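Just below is one structure, and these are the notes that go with it.
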Amino acid sequence: MAAPKKAAASTPQDKTDGGSPPEFTREQELKALRDMLLIRRFEEKAGQLYGMGAIGGFCHLYIGQEAVVVGMQMALKPGDQVITGYRDHGHMLATGMDANGVMAELTGRRGGYSKGKGGSMHMFSKEKHFYGGHGIVGAQVSLGTGLAFANNYRGNDNVSVTYFGDGAANQGQVYESFNMAELWKLPVIYVIENNRYAMGTSVSRASAQQDFSKRGVSFNIPGRQVDGMDVRAVKAAGDEAAAWCRAGKGPYILEMQTYRYRGHSMSDPAKYRTREEVEKVRHDQDPIEQVRNRLLAAKVSEADLKAIDAEVRDIVNASADFAQHDPEPDAAELWTDVYR
């Protein structure tokens, strides 16, 4: 029997819900630009520190996917919760977690959000309603559903935004969570960040149903495909999903068609795709450049945009300096926070 042919992965523009997204105000565009630049520059610096040996273990960068979490955060209100997998630095920064604390955790220092004991994949902030950072593929989906159950039980109108990738979408616990969420009409937005390659296998080779917005059909959960490279489209979809959940209608699925520029992790050379494919997405769809170009067209000066980038770079450089000079945790710290 002949081996199946290797199918090329589609890129983010191939399958989205169509139509022009609502325009942003000047203030919204500037906020989106700054927030996405902070994630981009932070991840670039994290990659540098990893290469220098200052960061050990696993390190999964969010470069290219910034519009997803920034757009979703623009659709949320204080009290809404966020939970995700191990590609999590961008989500932390978008929820307002301090760059110093995130970077210090990457380098295993006392000032890190998990006191230097969690590393890249395991950080939390109760204050910012960020519940991880989870290294087990798909594990956060059942936990995010649990957060929504808690909201429902308490009678508030908070929403749990539960992120996972196209690879995790094939996990069994995902569908157990879908079933429970719809049965009990839980306020959870399942955001599937479809960056097309999971750990390194194209969705066309790994998923029988490549339209991830339809993954909830058998549970009567509505879904929508979104251009995850356009922050405006993301916010609009997030607004719609959040309104659905807050109205007591149950869960909602958003498939974000996005793309990661780097490998799955820092140890992945990404030989399963061509350099030309990556460069085409960068050139045609980069989420930051889209916002930058709209601002320039709206007569925002190049100098003003450079000033925003310079401010962000200062924050990131300061976080890197802090993360390399903050003390390591005392050995006795290994015994704390084990049980609570």
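Assorted remarks:
- Helical segments meeting 18 Å axial Cα length and Kyte-Doolittle -1.0 threshold in the chain (DSSP H): 26-51, 139-154, 231-246, 302-325
- Computed over the range 35-176, the P(r) curve from all C-alpha pair distances, binned at 5 Å from the origin, holds 2, 11, 19, 23, 20, 14, 7, 2, 1, 0 percent per bin.
- Protein accessible area in the chain, 1.4 Å probe - carbon and sulfur %: 53
- When only alpha carbons are used to place a centre, the range 213-252 and the range 84-144 end up 24 Å from one another.
- The residues of the range 23-321 expose, per residue, 40 Å² of accessible area to a 1.4 Å probe.
- Relative to the current alpha-carbon distance between Lys185 and Arg313, full extension at 0.36 nm per residue lengthens the span by 41.8 nm.
- The distance between label points at Ser301 and Asp268 comes to 4.2 nm (points 7 Å beyond Cα on the Cα→Cβ vector).
- For the chain, the share of alpha carbon pairs falling in successive 20 Å distance bins from zero is 32, 59, 9, 0 percent.
- Estimated FRET transfer efficiency (Arg275, Tyr153; beta-carbon r; R0 41 Å; 0.05): 0.25
- Here the label points at Glu27 and Met52, each 7 Å from Cα along the C-beta direction, are separated by 3.8 nm in the simple model.
- Taking a ≥ b ≥ c as the square roots of the eigenvalues of the Cα gyration tensor, an a/c ratio of 1.5 or more together with a/b no larger than b/c marks the range 212-340 as oblate.
The values are calculated or read from the model by the stated rules, or taken from the named source; none is laboratory data. It should be emphasised that the depicted structure is a prediction, and the values quoted were computed from it without experimental measurement. Positions of Cβ are backbone-derived with ideal geometry, glycine not excepted, and every protein chain shown enters the neighbour counts. Note: areas computed on protein heavy atoms with side chains; ligands, DNA, RNA excluded. Shrake-Rupley method; radii C 1.70, N 1.55, O 1.52, S 1.80 Å.
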